[in-house]
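First comes the structure, then the notes that go with it.
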Amino acid sequence: MSARLNFDFAHRPLVPYAHDYAHGDAEPWHHHECAQLIHTLSGVVKVETQHGSWIVPPSRGVWLPAGTRHALHIVGAVAARTLFVDPLARADLPASCQVVQISPLLRELIVSALALPEQYVPGSRAERIYELILDEIRVMDVLPFGLPLPESERLLSLCQHIQQAPGENWTLARAATQLCVAERTLARHFSRETGLQFSDWVRRARLSVALTRLAQGESVLTVALDLGYDSPSAFSAMFRRVLGVTPANYFPAAEKRALR
């Protein structure tokens, strides 16, 4: 597994790596001195960091800056294609953890890079592919699948409570009452510590659970009702706004894209 790998960037700016995981696999807490882009062709990967968690659906990716401590949890059969990137390869590589859209061009470049030699002639096809990959990394679109955690103990406890019971009716008023603070005070502190409005954080928490359960084959009806939605159609509408397709079609569509 990648947790045990070391990388040499003496001759190239990035190292491509392919690894397939079985459902239930995990990688323990670790870090790399280099940056990392994990691209999933199938299945779902949950990435935990000290500052939050990040759900990576099929055909998407997650960017981890150099030195980021993280652990991986695998849901479903995951085909992962990873780039380990020299942090000095570009001055403007992404500086924070983020789930990203992998463009068709970047996807094909990653596949091509797996067959490239470690050493290459300046101006060669190999050099151009490596450099174009770095260019594409700099313009990746960020997706709303990150779930940042607050630093204060009280807000962190609240977020953990929500994650344990995502189907309950988590309104700002209920959370404020639970913490014995004014709604406006809670809203201000929550936004400052997580970068998200409270309602947006709850929605992301539910979406993270939904992606994980749908990847394991659970029905849309069961997931929707367990997460507190009034109907599967209401859940599907939210899902489509975020992902562009309905939950019933999302995983089959992702699998078809991976096989192209």
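General observations
- Degrees between helix 183-194 axis and first principal axis of the chain (Cα, 0 to 90, nearest 10): 10 degrees
- Modelled this way, with points 7 Å down the Cα-to-C-beta line, the labels at R188 and Q119 are 6.2 nm from one another.
- The calculated FRET efficiency for the pair D92 and E127, based on their C-beta separation and a Förster distance of 22 Å, comes to about 0.65.
- Annotation: R240 carries an accessible surface of approximately 140 Å², with a 1.4 Å probe and no ligand, DNA or RNA atoms counted.
- Gaussian network model of the chain, Cα within-10 Å springs - most flexible of D20, D230, D86: D230
- Carbon plus sulfur fraction of accessible area for segment 39-95, probe 1.4 Å, in percent: 54 percent
- Residue-by-residue Karplus 3J(HN,Hα) for segment 77-87, coefficients 6.51, -1.76, 1.60, Hz, glycine and proline x: 7, 9, 9, 9, 10, 10, 10, 9, 10, 4, x
- Fully extending the segment from R69 to L172, taken as 0.36 nm per residue of separation minus the present Cα-Cα distance, adds 33.9 nm.
- Taking Q178, Q216, Q160 in turn, the Gaussian network model of the chain (Cα-Cα springs below 10 Å) assigns the largest fluctuation to Q178.
- Per residue of the chain, the DSSP helices (runs of n ≥ 4 H) give a summed -39500 (n - 2.57) that works out to -12500 deg cm²/dmol at 222 nm.
- In a reduced charge model with +1 at each Lys and Arg Cβ and -1 at each Asp and Glu Cβ, the chain shows a dipole moment near 540 debye about its Cα centre.
- Sites S152 and E108 - FRET efficiency at Förster radius 51 Å, r taken between beta-carbons, to 0.05: 0.70
- Its relative contact order, with pairs defined as Cα atoms under 8 Å and 6+ residues apart, puts the chain at 18 percent.
- For the chain, built as a Gaussian network whose Cα springs stay under 10 Å, the top-fluctuating residue of G167, G244, G195: G244
- Gyration tensor verdict on segment 106-150 (Cα atoms; rounded if a/c is under 1.5, prolate if a/b is larger than b/c, oblate otherwise): prolate
- Multiplying the residue separation of Q164 and S231 by 0.36 nm and removing their Cα-Cα distance gives an extension gain of 22.0 nm.
- Extension gain, H11 back to H30 (0.36 nm per residue minus Cα-Cα distance, nm): 4.3 nm
- Cα principal axis extents for the chain, largest first, Å: 65, 37, 29
The values are calculated or read from the model by the stated rules, or taken from the named source; none is laboratory data. Everything numeric here is computed off the predicted structure, so don't read it as measured data. Virtual Cβ from ideal backbone geometry, glycine too; neighbours counted across all protein chains shown. Protein only, heavy atoms only, side chains kept; ligands, DNA and RNA dropped before computing areas. Shrake-Rupley method; radii C 1.70, N 1.55, O 1.52, S 1.80 Å.
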